[in-house]
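A short worksheet on the structure shown next.
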């Protein structure tokens, strides 16, 4: 997460728009959080899947 936010900050030039400055980092964090949660659920499902006899 920290790496994604750092990459976002380093690769985005300021636009001068206040809404961009306020919303973009939060939207970036939310999008990465949703992706991380889906990956976590998928990994957890693979680990806890019952073995077939």
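Could you grab me the full set of residues in segment 35-53 that are farther than 17 Å from residue 2 by Cβ and either modelled with pLDDT of 85 or more or surrounded by 10 or more Cβ atoms within 10 Å (Cβ to Cβ) (or both)? Explain how you work it out, then say what you get.
Residues of segment 35-53 farther than 17 Å from residue 2 by Cβ: 38, 41-53.
Passing the criteria: 38, 41, 42, 43, 44.
Return the pairs, sorted by first residue and then second, in which the second residue is in a helix (DSSP H, G or I) and surrounded by 10 or more Cβ atoms within 10 Å (Cβ to Cβ), the first residue lies in segment 34-48 and is free of Cβ contacts under 8 Å to residues at least 12 places away in the same chain, the beta carbons are less than 7 Å apart, and the residues are 6+ apart or on different chains.
none
What are the pairs, 6+ residues apart or on separate chains, where a residue within segment 2-30 that is on the phi > 0 side of the Ramachandran plot has its Cβ under 8 Å from a residue that is outside any loop (DSSP other than H, G, I, E, B) and surrounded by 10 or more Cβ atoms within 10 Å (Cβ to Cβ)?
Note: no pairs meet the criteria.
The values are calculated or read from the model by the stated rules, or taken from the named source; none is laboratory data. Fair warning: this is a prediction, and the values are worked out from it, not measured in the lab. Glycine also receives a Cβ, built like all others from the backbone with ideal geometry; neighbour counts cover every protein chain displayed.
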